[in-house]
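Single-structure report; data block below.
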Amino acid sequence: MPVMRDHPNYHIQARTVGISKFLHAGKCTGTHLHLEVPPGVIDPRVGVSYNSTSIEREELLNIYNLATACDSALISLTRACPFYEGQALGLAARTIRYRGSETFGWEGVYTNLQPVGGLMPYAESVEGLVEQQFARYHAWLQAMEKAEIQPNLFKESGVSLLKSAWNPVRLNKLSTVEIRCIDSNLSSVILLVIILLEKLAEGVRHENLTVRPSKGMQIFELVGNRLYVPDFEYLSGELLLASATEGIKNPKVRAYVDSILQFASAVGGEGANFLAKLCRNLDQYQTIEASILQEFTPTTTQLSLDTGLRLVRSSCDKLEAIVSSIDIEHPLASLDTDEGLLLQQH
């Protein structure tokens, strides 16, 4: 059983969503990555700074929409644990137990509070992005009121407009777009995601691309100076479900991930060859979740405590070995040796 941090903000969250649901948050570990946007363009009081330039605001909007469009790809590539509380779920455990979903019947922390913890829609404009921040904040205040918690307790705990967000993609006062949908993982997978996101953001920034969802679009497609991405209904519906169930094996998920890798590798520079190689060998890509399952018989549905602890220790040993093998000055060279850690998952 996880022990909750003794801080007013955590107690308020637990009371608002319900302690039994909030305990899921203590059993799910993730990796948060940050995409930089122009310094000062994000204002923790109002979402987007009034003093920012139109160019800075447009960059923020495009990076935010880009991160949103990558949600299902990151879930598929970083699925790390097939077991939850010892049970084999056949699902992306952290996605369903942390994010939750009423639509798909996933019982998680934010199942009934999707504006606060689910993936938010694309922002059509900077004004829409600001409105989204306030709508989410008021949704959280309403949930607190329903739980009979005084709003002043929330404000006194130091939580502001941006800190009331636990979404997979959110604005951060550090002047970043924070991505929170990634499972904790071996370093090889995290480095893959860092390279991928860095290349995607670089392509959007340097080419002054406008990221826009398009009705019926199921992949990333560059047309002129516009990068078209899957529409939100598909992204948060069929594609999310396929990513959390079949993952990269699903043909639609695979086509979507493949299009993202192709766009990122076309940006060029350091890491581009690695992504191009991964794109060519996507058939061989294996998540940490899949590699763990190979150690167990297909009929295994429940792990014993001893087996679970051995699995934890084994994963820690693998992590230590990979970290020790990485050349800090040239991490890409380390990853791309002997067919690459990511393609073989050694």
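The structure-derived value of Cα Rg over 2.2 N^0.38 Å appears in the list (i) 1.19; (ii) 0.99; (iii) 1.31 under the label (ii). Note on T245 and T29: with the Förster distance fixed at 22 Å, the Cβ-Cβ geometry gives a FRET efficiency of about 0.55.
Which pairs, out of K27/K199; K249/K277; K21/K163, put more than 25 Å between their alpha-carbon atoms?
Distance filter (> 25 Å) returns K27/K199.
Rolling a 1.4 Å probe over the heavy atoms of the protein chains gives segment 1-157 an accessible area of 47 Å² per residue.
Take every DSSP beta bridge whose two residues both sit in the chain, then give the antiparallel share in percent to the nearest 5. Please list the in-between numbers first.
Working: 19 of 24 bridges.
Antiparallel: roughly 80 percent of the beta bridges in the chain.
Of the accessible area of the chain, computed with a 1.4 Å probe over protein heavy atoms only, carbon and sulfur atoms account for 52 percent. Each peptide in 190-199, 142-151 gets a packing score, the mean of other Cβ atoms within 10 Å over its residues, and the list from highest to lowest is 190-199, 142-151.
Rounded to the nearest 0.05, what FRET efficiency do Q142 and R15 have when you use their Cβ-Cβ distance and R0 = 22 Å? About 0.95, to the nearest 0.05.
Find the centroid of the Cα atoms in segment 22-64 and in segment 210-272, then give the distance between the two in whole Å. Between the Cα centres of segment 22-64 and segment 210-272 lies a distance of 21 Å.
Straightening the chain between N208 and L319 buys 36.2 nm, computed as 0.36 nm per residue apart minus the Cα-Cα spacing. Of E178, E59, E295, the residue with the greatest mean-square motion in the GNM of the chain, using alpha carbon springs below 10 Å, is E295.
Only four residue types carry charge here, +1 at the Cβ of Lys and Arg and -1 at the Cβ of Asp and Glu. Report the dipole size of the chain about the Cα centre in Debye, rounded to the nearest 20. List each step's numbers first, then the result.
Details: 30 positive and 39 negative charges, 156 e Å.
Using Cβ point charges on Lys, Arg, Asp and Glu, the chain gives about 740 debye.
Among the helices of the chain, none built from whole DSSP H runs has Cα atoms reaching 15 Å or more along its own axis together with a mean Kyte-Doolittle hydropathy of at least 1.6.
For H138, the accessible surface of its heavy atoms amounts to roughly 90 Å² (probe 1.4 Å, protein chains only, rounded to the nearest 10).
The values are calculated or read from the model by the stated rules, or taken from the named source; none is laboratory data. Fair warning: this is a prediction, and the values are worked out from it, not measured in the lab. Note: ideal-geometry Cβ built from the backbone for every residue, glycine included; neighbour counts use all protein chains shown. SASA here: full protein model, heavy atoms, side chains in, ligands and nucleic acids out. Shrake-Rupley method; radii C 1.70, N 1.55, O 1.52, S 1.80 Å.
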